[in-house]
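Asks: Let me give you the structure first, and then I'll get to my questions.
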């Protein structure tokens, strides 16, 4: 069912990954902010994360597959965050620039995806308990 709490969490994660990245910079340098559109790899990974979250929403009939796609999305977001940090510490001047809020969006997405996975597993436990009573 689409109206479950895990769908809201997954939708928020998709909005963070696909919508907020256009408005919030990844890095702040003295001259100008640097947005995600300037890095095609980061842009593709953010969109892939949003698509996996949306895919998970519509897999509500198969809760195990929903949990697996959530775990894949968590791994994808951690890899994305690691690549952002690698790029920042590897090729940017850390004394004059700093990480902006957009760099931490993958961590926020992981939080919401984890909340969704916990709600999905709670539903699965409830269904299994009801099946045992029959």
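The values are calculated or read from the model by the stated rules, or taken from the named source; none is laboratory data. The structure presented is a predicted model; accordingly, all values stated were derived computationally and were not measured. As a convention, Cβ positions derive from the backbone with ideal geometry for all residues, glycine included, and neighbour counts pool all protein chains shown.
Asks: Any residue in the range 104-133 that is free of Cβ contacts under 8 Å to residues at least 24 places away in the same chain sitting within a Cβ distance under 8 Å of a residue that is in a helix (DSSP H, G or I) and surrounded by 12 or more Cβ atoms within 10 Å (Cβ to Cβ)? List the pairs, counting only those 6 or more apart or interchain.
Replies: Here the result reads 104/81, each pair linking the range 104-133 to a residue that is in a helix (DSSP H, G or I) and surrounded by 12 or more Cβ atoms within 10 Å (Cβ to Cβ).
Asks: Would you confirm, using the coordinates I've provided, whether residue 111 is assigned to a helix (DSSP H, G or I), at pLDDT 95 or above and closer than 15 Å to residue 10 by Cα?
Replies: yes
Asks: Okay, next question. Taking residue 36 and the conditions (1) closer than 23 Å to residue 125 by Cβ; (2) in contact with a helix residue (DSSP H, G or I) (Cβ under 7 Å, 6 or more places away or on another chain); (3) at pLDDT 90 or above, which numbered condition does it fall short on, given that it satisfies the others?
Replies: (1)
Asks: Would you confirm, using the coordinates I've provided, whether residue 79 is touching a residue at least 12 places away in the same chain (Cβ under 8 Å), out of contact with any strand residue (DSSP E or B) (no Cβ under 9 Å at 6 or more places or on another chain), part of a helix (DSSP H, G or I) and exposed (fewer than 13 other Cβ atoms within 10 Å of the Cβ)?
Replies: no
Asks: Kindly provide the set of residues from the range 9-51 that are in contact (Cβ under 8 Å) with a residue 60 or more places away in the chain, within 17 Å of residue 119 (Cβ to Cβ) and surrounded by fewer than 20 Cβ atoms within 10 Å (Cβ to Cβ), ordered by number.
Replies: 12
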